[in-house]
Structures are given as structure tokens and as C-alpha cells.
């Protein structure tokens with residue numbers, strides 16, 4: 001019995017007791033248990049993404065941070081916070097940050113507000129030509145920002161189609177009607193690019209809505225609006241939060257549209273100007289670092305809020 005007991009204890013004191021980093025590495029290199037082999041498969045599947053994060057994410061970010069605190073214009077030497085002092089102390093850069101925030105926030109609110117009824121109609125009603133409608137709604141995602149801005153010029157520019165029609169109906173001059181190269185035109189261009197992204201997220205959320213609860217509310221006398229407000233809306237709220245996160249980040253990151261419609265200086269456009277006018281690489285690096293930290297923290301907080309809603 002003693003020998004048998006010793007034989008059963010031997011494996012438990014062997015290689016299956018793997019703790020710490022060294023134990024994990026040992027398990028990955030020489031798996032013994034089924035759990036070790038599962039970890040090894042997971043690590044193999046994640047390796048390409050981990051390499052991409054390292055080479056295309058962490059390393060460039062570290063270089064940007066290092067450049068932002070460099071004391072030399074063309075070499076990464078020394079440590080100086082002068083670029084950050086410029087960003088937070090110069091009223092011009094504060095106005096650029098304000099422009100970025102209000103434009104992204106405003107277009108996000110409008111885009112999500114438009115996406116909710118679009119997703120509702122696509123998911124709740126048997127619309128004629130639904131496949132074509134979905135294609136048209138999602139089409140702007142495939143367009144570069146420059147092309148989207150050019151389409152705004154074609155429609156609402158001095159010689160645009162909509163401009164000509166409105167001018168003919170109102171008797172106004174086309175120059176008085178055109179608004180493509182203006183802040184409203186830029187706003188419309190942003191919304192045009194962001195509505196499809198919000199709509200696609202909300203369509204996935206609508207697929208999880210409890211239709212039995214909606215039918216029960218209607219059978220009890222609730223109007224369609226009351227059913228949406230008290231039954232449907234609470235269920236799609238996490239999707240709305242996700243759509244807000246995605247569209248707000250998109251609004252902060254759009255650049256191609258700004259190359260064509262440069263009526264408002266925002267963060268991404270100013271980074272391009274810093275690299276083009278005088279090659280102020282330290283300030284450009286500081287702006288890129290602040291942009292990353294802001295969007296990262298915003299995303300983390302937004303996802304935590306979404307998870308809390310799902311938990312409820």
C-alpha cells in the first residue's frame with residue numbers, strides 16, 4: 001500500500017505543478033496535461049496578434065513618446081516636457097482640442113440618433129429591397145475620407161447638384177446656398193462616414209432583443225413608441241453605448257475628409273501641420289501621445305460602462 005500511495009503521489013509532485021512565469025513557459029514548451037496543451041494552442045493562435053501589437057503598436061508608441069520628450073529636433077536625446085507645456089499652455093492648442101471634441105461629440109450624437117431608427121426599420125420590418133438598402137447604408141464604410149469629402153462637394157459645393165436644385169427653387173445664388181466648404185459641410189461629411197458604423201453595431205444588438213416582451217407590452221395596450229421606450233430601448237442600450245464609443249473614436253480619427261474640407265482645425269489635421277510646417281516633431285509626438293491616451297481611456301471607461309449595463 002505504501003508503494004502504491006507513493007506511486008500516486010509522484011505525478012502530483014512532478015511537472016504538472018507549474019506556477020509562475022517559468023512554469024507557464026515550461027508548460028508551453030513541453031505540455032504534459034490537457035490544460036497545458038490547450039494553453040499552447042491558445043498561445044499559438046494569439047502569437048501573430050501579439051507580434052502585430054508589439055511591432056505595429058507598442059514599439060511605435062514608445063518611439064512617439066520618446067520623440068515627444070526629446071531635447072533635439074532631429075535626434076531622440078535628453079528629456080524635456082516643453083512640447084507638453086506648449087500643448088496645455090498655448091490657447092491655440094486648447095482651441096484645437098476643443099474643436100476636436102465638439103465636432104466628434106456632435107457628429108456622434110447625430111450619427112447614433114440616425115442609426116437607431118435605421119437599424120430598427122431594417123430589423124423590425126420586412127422592407128422591400130432590404131438587401132439593397134443594407135448595401136446603401138453600409139457603402140460609406142468602404143469609401144476613403146477623401147472620396148466622402150469629394151461627394152459632399154459634388155452635392156453641396158458651388159456647382160453641386162443639391163445646390164443647383166435649391167438655388168433654382170428659391171431663386172437664390174448658388175454661392176449663397178452652397179455650404180460644402182464650411183463647418184456644416186464638414187459636419188455632414190463626418191456624419192456620412194459614421195452613420196453606417198453605428199447602424200451595423202445596432203443591427204447586431206437588435207438581433208438579441210426579446211420580441212416576446214415587446215409583443216406582451218403591445219398586447220397590454222402599449223403604443224409602438226411606449227414599447228420602444230420601455231421595452232426595446234433598455235435592451236439595445238449597451239449597443240447604443242458601443243456605437244457611441246466607435247463613432248466618437250472615428251470622429252476623432254478622421255483625417256482624409258479634413259484634407260479636402262479644411263474649414264476647422266482639429267487634432268489630426270494639426271498633427272499633419274506640425275509635421276509639414278517647420279517640422280515640429282516634438283509637438284507632433286506629444287499630440288499623438290495625448291491622442292492615444294485620451295482615446296484609450298475613453299474606450300476603457302466606455303467598455304466598463306457597457307459591461308456594467310450588460311451585467312444588470
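The values are calculated or read from the model by the stated rules, or taken from the named source; none is laboratory data. Owing to the predicted nature of the structure, the values given are computational and were not obtained by experimental measurement. Neighbour counts run over all protein chains shown; Cβ positions are idealised from the backbone, glycine included.
Out of 209, 231, 266, which single residue is under 26 Å from residue 188 (Cα atoms) and either surrounded by 12 or more Cβ atoms within 10 Å (Cβ to Cβ) or touching a residue at least 60 places away in the same chain (Cβ under 8 Å) (or both)?
After ruling out the rest, the residue left standing is 266.
Based on this model, can you work out whether residue 232 counts as in the same structural domain as residue 113 (by TED's automatic domain parsing) and more than 28 Å from residue 143 (Cα to Cα)?
In short, yes.
Checking residue 239 against (1) in contact (Cβ under 8 Å) with a residue 12 or more places away in the chain; (2) surrounded by fewer than 13 Cβ atoms within 10 Å (Cβ to Cβ); (3) closer than 21 Å to residue 199 by Cα, which test does it fail?
(2)
Would a scan of segment 279-302 turn up a residue that is loosely packed, with under 14 Cβ neighbours inside 10 Å, assigned to a loop (DSSP other than H, G, I, E, B) and out of contact with any helix residue (DSSP H, G or I) (no Cβ under 9 Å at 6 or more places or on another chain)?
yes
So which of 51, 85, 22 ends up being modelled with pLDDT of 80 or more and over 21 Å from residue 284 (Cα atoms)?
51 is the lone residue from the list that is modelled with pLDDT of 80 or more and over 21 Å from residue 284 (Cα atoms).
Table: residues versus (1) out of contact with any strand residue (DSSP E or B) (no Cβ under 9 Å at 6 or more places or on another chain); (2) surrounded by 20 or more Cβ atoms within 10 Å (Cβ to Cβ); (3) not in a helix (DSSP H, G or I).
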residue: 172; (1), (2), (3): yes, no, yes
residue: 180; (1), (2), (3): yes, yes, yes
residue: 187; (1), (2), (3): yes, no, no
residue: 190; (1), (2), (3): yes, yes, no
residue: 193; (1), (2), (3): yes, yes, no
residue: 199; (1), (2), (3): yes, yes, no
residue: 204; (1), (2), (3): yes, no, no
residue: 218; (1), (2), (3): yes, no, no
residue: 227; (1), (2), (3): yes, no, no
